[in-house]
Structure formats: structure tokens, C-alpha cells
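Reviewing the structure listed below.
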Amino acid sequence: MLSPPELTDRVLGCILGGAVGDALGAPFEGLWSHCIPEPPALLAGFAEYEGFPRGQYTDDTQLTVATLESVVRRGGIEPGDVARSIARLWRSQAVVGPGGACTAAADRLLAGGHWSECGSPVGQAGNGTAMRTAALGLYFLARPADLPDAVAQVSRITHRDLRSVAGGVAVASAARLLAAEPRVDAGVLCRTVAEDMRPFHPAFADLVAGLPVSLDGGAAAALEYVAWSGGAEREFDRIIITPYVVPTVLAALWAVARSPDSWPEAVAGVIGLGGDVDTLGAIVGGLTGARLGLGAVPGHLARGVLDSERLHALAVRYARVVGRQDRVAG
């Protein structure tokens, strides 16, 4: 069991790390890899993002914050309250770079729909679940067996396709394991995540379990596996990570496995793949922050990300809730 200071550090690393990764990637969303700055320039400071202040994060972090605020407010995970928290973001018209599936789900929630029925329909397997569940995984540090079903419920608020549900579970599972056992290797990580996903989408779970084998085949083979798994055919001539949940999750795990001990290398590496890089940065920033703690996130970025003090305060409150779960389980 983590000590209270260690737990708070892991939670801070996950939440601030995710926000920083999101804000680093946001100005370059949708671009090919050759259009994205090299790591030293990327990590030097936040680039300007469509007229927003430097350090602006996107819906990835906003949805994470909405979820955690609900958990803190209620003292636990209540999907109905999480759904209301998410819907309030759209009511306030403050969402930055919203995805279509999450927007449609929020519209149905605001129209009075039940949270379990408002998610985007089967066939829309975007990454809007995976982008917001890393910190949620830490809630289950002492109760890992409860994670899959609870995170699946929260994922269904916006997406009903089981690939998206499995993707939300995958990121939460990875964050939990990385915080609890920071020295875990890629094989154990991927097998554990795959088993948590398996009840929801066995084929997706098999792809995660197979990732370590692709890593042994060299960088080019690994990236082909990451970018094009889960689809009928190769979508583009060059590697790029689309908003489809399967390559998003595989790319995140690839980045953590490739640079397990360096937050900057992991985050810059995954943003450098191109495509949906704000989401990639958010997920990998959160996962690596959960593993290494807040000190691994470059200080000038952790201090410079938008609302850094508010995020810090939320993380401390959330860590207290997580700590209570640990004590109850113990």
C-alpha cells in the first residue's frame, strides 16, 4: 500500500501530467508527424493554440476534471452524477475541442435522457472514453477487481460501443497498475490490462496482450501494429494515430513501454506520432505521471499549464478520497 505522501504524489502526477500532455499536444492535433516539433522544442514551452492562452488543455482534461469533481463531491463513483457533471460542461458551452460522440451524448443527457442510454451508438468507437479514465483508475488501487465494471459504467455515459468501453477500462487499468507497481514491465502491464478489458471486447484485449511481441520486432513493426490494428486495412500511407480507440490505447501503452522512466520522452514520443495528439499526450502524460509522480513532469510545464493551482487542489482532494478507499479495503 502506498503511503499518503506517495499516493498524493502519484495522483498529482497523473492529473497534472495528463493536463500538461493534453496542452502540449493540443496545438498540433491532426498533423502528420513531420509537422510536429522535435522533442526539445516541443517540451520547451506551450505553443500557441488557436487563440487560447498558452497552456490551454482540451476536452480530454475537462472531462477528466468533471469526472473527478463528481467523485470528490459524492465520495465515490456514481455514474449518474458523473453524467450530470459532464453535461454541465456542455451547458456552459465551455468545452474546448469537443468530439462529436461526447457532444451528442451530452445533448441527450441535457434533454433528460438516462445516463445509461445516452452514449453514442455501437459503431462509433472513438477514444472519448480512454482520454478521461487514467486518474479514475487510481480510485481502485486497493480494490483492483472492482475496476473493470465500475469504469465500464462511466465509459458508457458517452460511448456504448464495447471497443470504446474496453478502451476506457484499459487506460484506467494501466494507471492503477503503474501507480501501484511502478517497476512493472511491458509484458505484465499489457497482460493485466488485457484481462481487465477481456469481458468487454476479447479481440481488442488480444491486441493489447500481443503488443509486447510487436515491440520485439523493432520500431517500424511496432508502429505498424499500433497504428493499424483493429481496422480492416491500412488507412494511410504514413503512420498516424487516428481518434479510433484501438490505436489510441495501443499507442499509449507503446509509449509507456518504450520510455518507462522518463515522462518527457514518453509524452514527446507519442505526440510525435501525429494525429490525435492532444488525447495521446493526455493519456500518456497521465499514465507516466501515475508511475513516476509529479516530480517527473517538467516543472515549468506543470506550473504553466492552465489552471495549475486548481488542478493541484483537485488532485489533493481526490487523493484523500482514494486514501479512504485504501483504508476501508485494508
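Bear in mind these aren't lab numbers, they're just calculated from the coordinates by the rules spelled out. These numbers come from a predicted model, not from an experiment. As a convention, Cβ positions derive from the backbone with ideal geometry for all residues, glycine included, and neighbour counts pool all protein chains shown.
What is the sum of charges, Lys and Arg at +1 and Asp and Glu at -1, for the other residues whose Cβ falls under 11 Å from the Cβ of Gln62?
Details: positive: Arg88, Arg132; negative: Asp22, Asp59, Asp60, Glu69, Asp307.
Charge balance in the 11 Å sphere: -3.
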Practice task
Can you work out the PRE-style zone for Ser262? Point 7 Å along Cα to Cβ, and I want the residues of region 35-55 with backbone N under 12 Å.
Solution key: 39-40
Fill in the blank from the handout: Among Leu16, Ala232, Val122, the residue whose Cα sits farthest towards the positive end of the charge dipole of region 4-329, when +1 is placed on the Cβ of each Lys and Arg and -1 on the Cβ of each Asp and Glu, is Leu16
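Which residues make up the longest stretch of the chain that has no trypsin sites (Lys or Arg not before Pro) in a DSSP loop with at most 12 other Cβ atoms within 10 Å?
Between exposed loop sites, the widest span is 1-182.
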Practice task
Name the most mobile residue of Asp60, Asp216, Asp307, meaning the one with the largest mean-square fluctuation, in a Gaussian network model of the chain with Cα contacts below 10 Å.
Solution key: Asp216
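All other residues with a Cβ under 15 Å from the Cβ of Pro39 taken together, and with Lys, Arg as +1 and Asp, Glu as -1, what is their net charge?
Working: positive: Arg258; negative: Glu38, Glu265.
Cβ neighbours under 15 Å give a net charge of -1.
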Problem - region 226-278-region 46-125 distance, computed between alpha-carbon centres (Å) - result: 23 Å
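With n ≥ 4 as the cut-off for DSSP H runs, can you work out [θ] at 222 nm for the chain, using -39500 (n - 2.57) per run divided by the number of residues, rounded to the nearest 500? Can you show the working numbers first?
Details: 17 runs with 204 residues, N = 330.
Using -39500 (n - 2.57) per qualifying helix, the result is -19000 deg cm²/dmol.
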Problem - Only Lys, Arg (+1) and Asp, Glu (-1) charged, at Cβ; the chain dipole about Cα centre in debye - result: 980 debye
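Under the 0.36 nm per residue contour assumption, what length would be gained going from the current alpha-carbon distance of His300 and Ala41 to full extension?
Working: separation 259, 0.36 × 259 = 93.24 nm, distance 1.36 nm.
Taking 0.36 nm per residue and subtracting the Cα distance, the gain is 91.9 nm.
Order by neighbour count: Thr129, Thr242, Thr61, fewest other Cβ atoms within 10 Å first, most last. Don't skip to the end; give the middle numbers.
Values: Thr129 34, Thr242 20, Thr61 30.
Fewest-to-most Cβ neighbours within 10 Å comes out as Thr242, Thr61, Thr129.
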Exercise for the section: Quick one: grab the alpha carbon gyration tensor of the chain, order the square roots of its eigenvalues as a ≥ b ≥ c, and give me rounded if a/c is under 1.5, else prolate or oblate depending on whether a/b is larger than b/c. Expected result: rounded
Completion exercise
Everything considered on the Cα gyration tensor (a ≥ b ≥ c; rounded for a/c under 1.5, else prolate if a/b is larger than b/c, else oblate), region 23-74 must be described as prolate
Fill in the blank from the handout: For region 4-329, the charge dipole (Cβ of Lys, Arg +1; Cβ of Asp, Glu -1; about the Cα centre) points to a positive end, and the Cα of Val321, Gly187, Gly100 closest to that extreme belongs to Val321
Completion exercise
With label points set 7 Å from each Cα along the Cα-to-Cβ direction at Asp216 and Ser308, the distance between them in nm comes to 4.3 nm
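Just to be sure I understand the rule: take each whole DSSP H helix in the chain, project its Cα atoms onto its long axis, keep it if the span is 30 Å or more and its mean Kyte-Doolittle hydropathy is at least 0.0. Which ones pass? Before the final figure, lay out each step's value.
Values: long enough: 4-25 (31 Å, 0.60); 308-329 (31 Å, -0.32).
Those that pass (Cα extent of 30 Å or more, hydropathy at least 0.0) are 4-25.
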